[in-house]
Amino acid sequence: MALRLVTASASHASYPSSDSPIKNHLDEVSDCIKHLEEQAFSKPLVHIIDREGDSVRHLRLWQKKTCLWLVRAKNNPKVCYQEKIVSCKALADSLTFVKTREVSYHGKNYWQWIAEADIRITRPAVTSYKDRKREIIKGEPIAARLVVSRIYTGDEELLSEWLLLSNVHEAKSSEIALWYYWRWKIESFFKLLKSAGHHLESWQQDSGLAIAKRLLVTSMACVTVWEIAANKSSEANALRSFLIKLSGRQIEKKKIFTHPALLAGLWVFLSMLGVMETYSQTEIQQFKETTQKVIRSLM
């Protein structure tokens, strides 16, 4: 939907934006949110951001523009709950949790527990620019929800905790926690970009613009693989088996496919299609016979 790559000297985006000067990261995110909101998608957008998005100045900006957001909060920032100022972590520890669903955590299934509270964000924003003095900026209170997600083992050992702030009031707290759980799966995207797929660290492009263009193409390949993996039809099942054979990858007995194997097979398949569009069946048959002659001559 949108991609931006920031280098030491420039900012390259797949949508209209100001390339100079380079902004801080959340200002870049705000530009992206503005672009996405202007696309008028058929369904409302909820912008999901990790803990760096816990910035009062930006939350107020997005709130003012009527954007829906879901941000992972830090432990220490204060919120107003029942007319008392408390930290997000302290408030989370005082809530009652409900056992909700099983989720996968580091390859194993555990139970997710959810709690929530209606809160207001009233604290002032504090700017942190390197080249100027810090400013304290007061603003309007933000009516939001604190949704707390915890994952426990069967022995009630806490494995993970997410403190989530959101201005989405219509959805259930369990649904909001599920949205962020899906966001956490972005690690599979990084895996496909790096050693298990496109080997990004080995790219030899020497400019930010060239890398940004290649990122667009590889990101689209990743999206295609996810679509193939998620499709439940019999045709998609046959395609997955075909791509696994083309990939040459070995798959664990318990797994039917992996995303890296689908990506490798898709690359071979697309190369095959390119060959079939370039050469006739007669020419390909001739190449086959020539190859067989060469092999026989070596035996």
From 186, 256, which residue is surrounded by fewer than 17 Cβ atoms within 10 Å (Cβ to Cβ) and farther than 30 Å from residue 89 by Cβ? 256
Checking the conditions here, which among 40, 90 is outside the structural domain of residue 223 (by TED's automatic domain parsing), on the phi > 0 side of the Ramachandran plot and without any contact (Cβ under 8 Å) to a residue 40 or more places away in the chain? 40
The correct count of residues that are touching a Phe, Trp or Tyr at 6+ places or on another chain (Cβ under 6 Å) and part of a loop (DSSP other than H, G, I, E, B) in segment 191-249 is 0
Does residue 251 qualify as being closer than 21 Å to residue 191 by Cβ, modelled with pLDDT under 90 and of a type in the set (A, V, I, L, M, F, W, C)? yes
Yes or no: residue 136 in the same structural domain as residue 93 (by TED's automatic domain parsing) and β-branched (Val, Ile, Thr)? yes
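Matching residues to (1) outside the structural domain of residue 256 (by TED's automatic domain parsing); (2) acidic (Asp, Glu); (3) surrounded by 14 or more Cβ atoms within 10 Å (Cβ to Cβ); (4) touching a Cys at 6+ places or on another chain (Cβ under 6 Å):
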{"residue": "190", "(1), (2), (3), (4)": "yes, no, no, no"}
{"residue": "193", "(1), (2), (3), (4)": "yes, no, yes, no"}
{"residue": "196", "(1), (2), (3), (4)": "yes, no, yes, no"}
{"residue": "207", "(1), (2), (3), (4)": "no, no, no, no"}
{"residue": "221", "(1), (2), (3), (4)": "no, no, yes, no"}
{"residue": "226", "(1), (2), (3), (4)": "no, no, yes, no"}
{"residue": "230", "(1), (2), (3), (4)": "no, no, no, no"}
{"residue": "235", "(1), (2), (3), (4)": "no, yes, no, no"}
Is it the case that residue 212 is in contact with a strand residue (DSSP E or B) (Cβ under 8 Å, 6 or more places away or on another chain) and modelled with pLDDT under 95? yes
Out of 128, 94, I need the residue that is among the hydroxyl-bearing types (Ser, Thr, Tyr) and modelled with pLDDT under 90. Which one? 128
Against the definition (surrounded by 14 or more Cβ atoms within 10 Å (Cβ to Cβ) and at pLDDT below 90), how does residue 240 come out, yes or no? no
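The values are calculated or read from the model by the stated rules, or taken from the named source; none is laboratory data. Everything quoted here is computed from the prediction, not taken from an experiment. We place every Cβ from the backbone using ideal geometry, glycine too, and count neighbours over all the protein chains shown.
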